[in-house]
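Note sheet for the following structure.
The values are calculated or read from the model by the stated rules, or taken from the named source; none is laboratory data. Everything quoted here is computed from the prediction, not taken from an experiment. Quick reminder, even Gly has a Cβ in these numbers, built from the backbone with ideal geometry, and neighbours come from all protein chains shown. To get the accessible areas, we keep the full protein, side chains included, count just its heavy atoms, and leave off ligands, DNA and RNA. Shrake-Rupley method; radii C 1.70, N 1.55, O 1.52, S 1.80 Å.
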4 protein chains.
Amino acid sequence: MNELISSIKAFIRARDWEQYHAPKNLAMALSVEAAEIVEIFQWKEADEPLSPTEQEHLRQEIGDVLVYLLELAEKFEIDIVKAAKEKMLLNDKKYPVNLVKGKANKYTEY
Amino acid sequence: MNELISSIKAFIRARDWEQYHAPKNLAMALSVEAAEIVEIFQWKEADEPLSPTEQEHLRQEIGDVLVYLLELAEKFEIDIVKAAKEKMLLNDKKYPVNLVKGKANKYTEY
Amino acid sequence: MNELISSIKAFIRARDWEQYHAPKNLAMALSVEAAEIVEIFQWKEADEPLSPTEQEHLRQEIGDVLVYLLELAEKFEIDIVKAAKEKMLLNDKKYPVNLVKGKANKYTEY
Amino acid sequence: MNELISSIKAFIRARDWEQYHAPKNLAMALSVEAAEIVEIFQWKEADEPLSPTEQEHLRQEIGDVLVYLLELAEKFEIDIVKAAKEKMLLNDKKYPVNLVKGKANKYTEY
């Protein structure tokens, strides 16, 4: 992961792109890449498989999302894996097994 | 990271939520979480700092994005760090330093 | 529609919010509202009906999307209905009935 | 507007695409089109103008958003202009002029 973060920073610096990569813009880019993943699935049925081409496309878009997520997180010195672990602990409390098991309701409904 | 992936799987299994977490639905959830990050920045100026509350909120949303990204990637046996590294190699070719330095144009314009 | 556009402008002006409503920010807000529509459907099956509460929620989010779409379009003097009609004419050529009938492939695949 | 709605329905029917246009899928498509608008602005400064090509691109994407918004609304017999007008009345109460004038905070903060 650290190696990946370094290579992203070097990539940006070599292109003199820091000027464009304000957190606000990175948030936009992240959502655009997430939408490209949505696009792959939008007309598919829930259990419809992806073709090898679509799987490769998905793989690249997942890569893009992680790149922007890391770049954004770096701006605020956020360790994304640590942030996700802590969020999972919150989720454990927010969605108690005995209340939500087998149900997909929003937590505000409990 | 592996520890995080295991805890996500255990979280889903304990709640019997595999039935809802089709790849298509995970793609949607991922984009919804990305939008929650966009929401933090939408009315801000490019260089406007985040309050401590907003930073904590951002941290949690970044956690959410990573959780759904990992869950989606797992469905297709994609290693997200490897996918991002490979995408960076492609980007290196797609955006040659001598052509794009200091410019933000889309690659299709080169 | 013109009445709606006038009321949106009056709403913004009364709150002195023009300063926040740059086109870039309106684009972000539009996508955030679109994501709130996605959120309603994310864990649902394709043919699962919405509850009356969800339908009312959807109705409000659709209202929000139209408000931001109109506000953004106004900044560039775009008539949204005319733009959609012209886009439908382009779509008619892009997706010839004899090639796409019953298929959901992306147009780049034809 | 009614003319536009009719032409969208005819377009879908001629291509036998009703099978793909479940509300869930239309919500996804709507958010993907909204993201294409975000993409136009993502690396731009707040006050940076769009080129004629970008303006034409924006115009087409705005058309796409309206098309999917109308299609989704039709599924639930929602009149989008009426929904937006009613939402504006709610917004008027949610954001009282004396409290929010000149401020961009979220309504939950008042």
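Any residue at all in the stretch D:71-94 that is touching a residue at least 40 places away in the same chain (Cβ under 8 Å), outside any helix (DSSP H, G or I) and not acidic (Asp, Glu)? Looking through the stretch D:71-94, at least one residue is touching a residue at least 40 places away in the same chain (Cβ under 8 Å), outside any helix (DSSP H, G or I) and not acidic (Asp, Glu).
Among the residues of the stretch B:1-32, which ones are in contact with a His (Cβ under 9 Å, 6 or more places away or on another chain) and either closer than 10 Å to C:Gln42 by Cα or among the charged types (D, E, K, R) (or both)? Correct list: B:Ala29 only. Kindly evaluate B:Gln42 against the criterion of being out of contact with any helix residue (DSSP H, G or I) (no Cβ under 9 Å at 6 or more places or on another chain), at negative phi and facing chain A (nearest Cβ under 9 Å). No, not satisfied. Regarding A:Asp92, is this residue on the phi > 0 side of the Ramachandran plot and open to solvent by 30 Å² or more (accessible area, probe 1.4 Å)? Against the criterion (on the phi > 0 side of the Ramachandran plot and open to solvent by 30 Å² or more (accessible area, probe 1.4 Å)), A:Asp92 does not qualify. Screening C:Ala104 against (1) facing chain D (nearest Cβ under 8 Å); (2) at pLDDT below 95; (3) more than 30 Å from B:Trp17 (Cα to Cα) leaves a single unmet condition, (3). Taken over the stretch B:24-52, residues that are open to solvent by 30 Å² or more (accessible area, probe 1.4 Å) and either modelled with pLDDT under 95 or more than 16 Å from A:Leu30 (Cβ to Cβ) (or both) amount to 8. Considering (1) farther than 30 Å from D:His21 by Cα; (2) part of a loop (DSSP other than H, G, I, E, B), the lone condition that A:Lys44 does not fulfil carries the number (1).
Out of the stretch D:25-55, which residues are small (Gly, Ala, Ser) and either farther than 30 Å from C:Glu48 by Cβ or touching a strand residue (DSSP E or B) at 6+ places or on another chain (Cβ under 9 Å) (or both)?
Going through the stretch D:25-55, the residues small (Gly, Ala, Ser) turn out to be D:27, D:29, D:31, D:34-35, D:46, D:51.
Answer for the stretch D:25-55, where residues must be small (Gly, Ala, Ser) and either farther than 30 Å from C:Glu48 by Cβ or touching a strand residue (DSSP E or B) at 6+ places or on another chain (Cβ under 9 Å) (or both): D:Ala46, D:Ser51.
The listed residues are D:Gln60, D:Gln19, and the only one of them that is closer than 19 Å to C:Met88 by Cα and either open to solvent by 50 Å² or more (accessible area, probe 1.4 Å) or part of a helix (DSSP H, G or I) (or both) turns out to be D:Gln60. Filter the stretch B:71-84 for residues that are within 8 Å of chain A (Cβ to nearest Cβ) and open to solvent by 10 Å² or more (accessible area, probe 1.4 Å); which is farthest from B:Ala29 (Cα to Cα)? Only one residue tops the list, namely B:Val81. Can you spot a residue in the stretch B:15-25 that is in contact with a Lys or Arg (Cβ under 8 Å, 6 or more places away or on another chain), acidic (Asp, Glu) and touching a residue at least 60 places away in the same chain (Cβ under 8 Å)? Within the stretch B:15-25 (the criterion being in contact with a Lys or Arg (Cβ under 8 Å, 6 or more places away or on another chain), acidic (Asp, Glu) and touching a residue at least 60 places away in the same chain (Cβ under 8 Å)), the answer is no, since none of the residues qualifies. Return yes when D:Ile8 is crowded, with 23+ Cβ neighbours inside 10 Å and more than 9 Å from chain A (Cβ to nearest Cβ) and no when it is not. Here the answer is no, as D:Ile8 does not meet what is asked.
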